[in-house]
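Read through the structure below, which is laid out as structure tokens, and then see the notes.
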Amino acid sequence: MLSTTRSPFSVADDALQAIGNTPVVRLNKVVGPDSAEVFVKLEYYNPTGSYKDRMAMAMIGEAERSGALKPGMTVVECTGGSTGTSLAFVCAVKGYRFQVVTSDAFAPEKLRTMRAFGADLVIVPSQGRKITPDLIPTMRERARELAQRPDAFFTDQINNPNSIRGYRRIGEELLAQLNRPIDAFCAAVGTAGMLMGVSTALREAGQTTRVVALEPASAPLLSEARPGPHRVEGIAIGIVPPLLSSTAYDEVRTVEESEARDMARRLAREEGIFAGISSGLNILAAVRLGQELGPGHTVVAVACDSGMKYLAGDLFDSTETT
């Protein structure tokens, strides 16, 4: 298990020990004058620039401990890229072959990064490079087919409860870093592992945190039972994720994708936080919650991954207005 007390000056035995213990920063410029304090956990400080490193390590580590994954086997998963990059990274360090089912709907940087770590990519074509409701189920079915081989292990992130254990560390670290009551926490829902893990850690610590689940306004499956297309990678996967429990959150909110993109650009220019679209969505919702709650309260969100993963797309295109 990863330590939450590792010294920043210690020497790690391998790159996997660099996962976790990411910094938390206070927002100063994108919040209003009568706002609660809003803090962001910078998960792009993990080795692959994503919070998914935590999940990948937890799933692979537990599979090894249980005997489901043995030397010489191939790890299989379907993913838009961040999970795949994290799994490819963990498999590279541990010596496993990794086969990933993905799509051209996701950022080219993510596909290239998975290949750089040695992953074997199976590409499922998308409709207009959009994440449509049928894309993820199609990818999952292909991954299940590949995982039928006797030498394959399917991490199955959507159903794997070990992902929650990996993300729980975010909540535990937040409690230690802030050392104060956390009044609200918000997180976009993909496989739901992060929201579930952080919520579990906060509530078991006795916090009365208001936990808000987020989704794009164009794909309001949780709030309106209506899936839809969007371009926010890693969230709103077209089904209610099996790991999501309604007892883990207090409400669902939708955020316009265009506003999330605008916030991602503002974060880079005004706060020096260089993160992706889902991070912009998380933080925009946190800023709004901060305005609602007002001074004397604490709101927390997560910057999921680095903006470096989106440079080939239009998120940081200088011709796009803000």
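The values are calculated or read from the model by the stated rules, or taken from the named source; none is laboratory data. Treat the numbers as computed from the prediction; the structure is a model and nothing was measured. Heads up, the Cβs are rebuilt from the backbone with ideal geometry, glycines too, and the neighbour counts pull from every protein chain shown.
Taken over region 264-296, the residue count meeting the criterion of being without any contact (Cβ under 8 Å) to a residue 12 or more places away in the chain and either closer than 19 Å to residue 231 by Cα or not in a helix (DSSP H, G or I) (or both) is 1.
Just one of the listed residues (180, 142, 226) is of a type in the set (Lys, Arg) and either modelled with pLDDT of 95 or more or crowded, with 20+ Cβ neighbours inside 10 Å (or both), namely 180.
Among the residues of region 124-149, those that are in a helix (DSSP H, G or I) and either of a type in the set (A, V, I, L, M, F, W, C) or out of contact with any strand residue (DSSP E or B) (no Cβ under 8 Å at 6 or more places or on another chain) (or both) comprise 135, 136, 137, 139, 141, 143, 145, 146.
Restricting attention to region 234-254, report how many residues are more than 27 Å from residue 86 (Cα to Cα) and either of a type outside the set (Ser, Thr, Tyr) or modelled with pLDDT under 90 (or both).
Taking region 234-254 first, the residues more than 27 Å from residue 86 (Cα to Cα) are 246-247, 250-254.
Add one more test, that the residue is either of a type outside the set (Ser, Thr, Tyr) or modelled with pLDDT under 90 (or both), and what stays is 250-253.
Qualifying residue count, region 234-254: 4.
What do you reckon, is residue 299 within 20 Å of residue 26 (Cβ to Cβ), in a strand (DSSP E or B) and touching a Leu at 6+ places or on another chain (Cβ under 6 Å)?
Values: within 20 Å of residue 26 (Cβ to Cβ): yes; in a strand (DSSP E or B): yes; touching a Leu at 6+ places or on another chain (Cβ under 6 Å): yes.
In short, yes.
Residue 106 meets each of the listed conditions (1) crowded, with 19+ Cβ neighbours inside 10 Å; (2) modelled with pLDDT of 95 or more; (3) among the aromatic types (Phe, Trp, Tyr) apart from (2).
Just to check your reading of the model, which residue among 212, 252 is over 25 Å from residue 105 (Cα atoms), touching a Leu at 6+ places or on another chain (Cβ under 6 Å) and assigned to a strand (DSSP E or B)?
Values: 212 fails: touching a Leu at 6+ places or on another chain (Cβ under 6 Å).
Testing whether each residue is over 25 Å from residue 105 (Cα atoms), touching a Leu at 6+ places or on another chain (Cβ under 6 Å) and assigned to a strand (DSSP E or B) leaves just 252.
Picking from residues in region 35-91 that are part of a loop (DSSP other than H, G, I, E, B) and among the hydrophobic types (A, V, I, L, M, F, W, C), the one that is surrounded by the fewest Cβ atoms within 10 Å (Cβ to Cβ) is 68.
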